[in-house]
Amino acid sequence: MKSISLDITKATQFLKPGTIEAYEEKVKAVQEALENGTCPGNDFLGWLHLPSSITPAFLDEVQACANTLREKCEVVVVAGIGGSYLGARAVIEALGNSFAWLVNDKKNPAILFAGNNIGEDYLAELTDYLKDKKFGVINISKSGTTTETALTFRLLKKQCEAQRGKEEAKDVIVAITDAKKGAARTCADKEGYKSFVIPDNVGGRFSVLTPVGLLPIACAGFDIKALVQGAADMEKATGKDVALQENIAAQYAVVRHALYREMDKKIEIIVNFQPKLHFIGEWWKQLYGESEGKDHLGIFPAACDFTTDLHSMGQWIQEGERSIFETVISVEQPNKKMLFPKDEENLDGLNFLAGKRVDEVNKMAELGTRLAHVDGGVPNIRISLPELNEYYIGQLLYFFEIACGISGNLLGVNPFNQPGVEAYKKNMFALLNKPGYEAESKAIQERLANEK
């Protein structure tokens, strides 16, 4: 099999000669710290060798559960937020039919996502859509009390039981949660749901290769064994004994770190020229934003879909503040083939494209954009996938994960915690007068009164 590849030449040209090589010893030390568990956040390193540790028997168990849902459901709703849904959605959207939710697909259930917001209209429209559907639920929450997901699951659980009966609902509701504790575990044990465990040492944003991601992906009809194999091969190709000049994940980590530290590039824009990769960008944003944004440090992760966003963000990227660099995810070979037709009248002046593949036009748009942005002072990194399939997506997921671990440690932060995300929750619970937050409720009400 081929492998994904990395081109950093249009980024390193902005750096002094020898910059990347100068990081070799630091990278080696970071990789050894990750391997030996001596880095900050070492209690959340379960993802590091996860791909190579997944057994065929475990994948068979996940697949068997997915097969049950596929047989009994027209729709499967994945209830989860952040890392509990973005990885699965990224893979499903990348590999699936862009119009799958409109297609009456008898082989594969529709996969919908909820529990990632508190939009009343969204939830009302979702529950209305499900009224005449045979649907199941995958509830993903380590604690079972994350507000967005818990609220959604309560609504869906009651609706599923009302429509299918409690006994039948039991067979189509699956819990992915903590092994022993938490509200979701208590509910799953009490109701008799099939359940899978979120490992204690794997954080949410690194959990796509646990049942958190694997079960929804399998429900959508994709090959989770190939996905895991791709990740396992990338794990091997980016291990601690692989030299920097051969390790594409370490190179990516070093280049972005050097651009941040030495060129004051504060924003990284992940770019795709393939709309199916939109949610890969959303998953990447969480992975890097939540991992590196600490101690008033870290590159701000942004995402654009090209060529679409060239007609909105293109001007700013080309000529705005020079605090940015780009990482382009490119797909060498699309899965479909479409030739541009000739038109006798040629009113649009596009006959010069007649007979060319649409992808050739797209590739020239990609190359032209990269050249223009580099000329405009924007360093450019390119990650290339031979094609969109489970194996290469698995490679890409692990590539970004290990690069994130290296990059965060080079930055000097703990890339595996997220203390900042608790601040809004504390305020929200205080404003909602949640039991146990009486002191916070009083303090925030006094603050709001003083601000009037």
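Would you work out what percent of the accessible area of segment 376-452, with all protein chains in place, is carbon or sulfur (probe 1.4 Å)?
52
Which of the DSSP-defined H helices in the chain satisfy a minimum axial length of 27 Å, computed from C-alpha atoms, and a minimum mean Kyte-Doolittle hydropathy of -0.5?
Flagged H segments are 390-411.
I'd like the distance between the alpha-carbon centres of segment 150-227 and segment 331-379, rounded to an integer number of Å.
Each part reduced to its Cα centre gives a spacing of 43 Å.
Of (1) 26.9; (2) 23.6; (3) 26.3, which one was derived for Kirkwood radius over Cα pairs in Å from the structure shown?
(2)
Based on the Kirkwood radius over alpha-carbon pairs, what is the Stokes-Einstein translational diffusion coefficient of segment 67-180 at 37 °C with 0.692 mPa s viscosity, in µm²/s?
D, rounded to a whole number, is 228 µm²/s.
Sorting F340, F222 by accessible area (1.4 Å probe), largest first, what list results?
Ranking F340, F222 by accessible area, largest first, yields F340, F222.
Non-local amide H neighbours of E332 (under 5 Å, H modeled in plane, Pro and chain starts lacking H): which ones?
Long-range HN contacts for E332: L385, E387.
Could you order peptides 261-267, 76-82, 227-233, 143-149 by the average number of other Cβ atoms within 10 Å of their residues, highest first?
Packing order, densest peptide first, comes out as 76-82, 227-233, 143-149, 261-267.
In whole percent, and with a 1.4 Å probe on the protein chains, what portion of the accessible area of segment 47-170 is carbon and sulfur?
53
Counting C-alpha atoms alone, how compact is segment 310-368: give Rg to one decimal and Dmax as a whole number, in angstrom.
So, for segment 310-368, Rg and Dmax equal 15.5, 47 Å respectively.
Identify all aspartates and glutamates with a Cα-Cα distance to K28 below 19 Å; exclude those on the same chain that are fewer than 8 residues away in sequence.
The reachable aspartates and glutamates, counting only those whose Cα sits under 19 Å from K28, are E235, D241, E246, E401.
What does the helix-only formula give at 222 nm for the chain: each DSSP H stretch with n ≥ 4 adding -39500 (n - 2.57), the total divided by the residues, and the result rounded to the nearest 500 deg cm²/dmol?
-15000 deg cm²/dmol
Do any GluC sites (Glu not before Pro) in segment 298-381 lie in a loop, going by DSSP, with at most 13 other beta-carbon atoms within 10 Å of their beta carbon, and if so which?
Answer by residue number: E321, E344, E345.
Relative contact order of the chain: what whole-number percent is it, with Cα pairs under 8 angstrom and at least 6 residues apart?
Rounded, it is 23 percent for the chain.
Take each of the peptides 308-316, 213-221, average the number of other beta-carbon atoms within 10 Å over its residues, and list them starting from the highest.
Answer by packing, highest mean first, reads 213-221, 308-316.
Can you work out the Karplus-derived ³J(HN,Hα) for every residue in segment 42-50? Use 6.51 cos²θ - 1.76 cosθ + 1.60 with θ = phi - 60°, whole Hz, and x for glycine or proline.
5, 7, 10, 9, x, 6, 4, 10, 4
Kindly report the accessible area of the chain per residue (heavy atoms of protein chains, probe 1.4 Å, no ligands, DNA or RNA), in Å².
47
Taking amide H positions as placed in the peptide plane 1.01 Å from N, state which residues far from F300 in sequence (5 or more) or on other chains have amide H under 5 Å from it.
The answer is I267, E268.
The values are calculated or read from the model by the stated rules, or taken from the named source; none is laboratory data. Computed from a predicted model, the values in this text were never measured in an experiment. Cβ coordinates were reconstructed from backbone atoms using ideal geometry, including for glycine residues, and neighbour counts include every protein chain displayed. Ligands, DNA and RNA are excluded from the accessible area calculation, which covers all protein heavy atoms including side chains. Shrake-Rupley method; radii C 1.70, N 1.55, O 1.52, S 1.80 Å.
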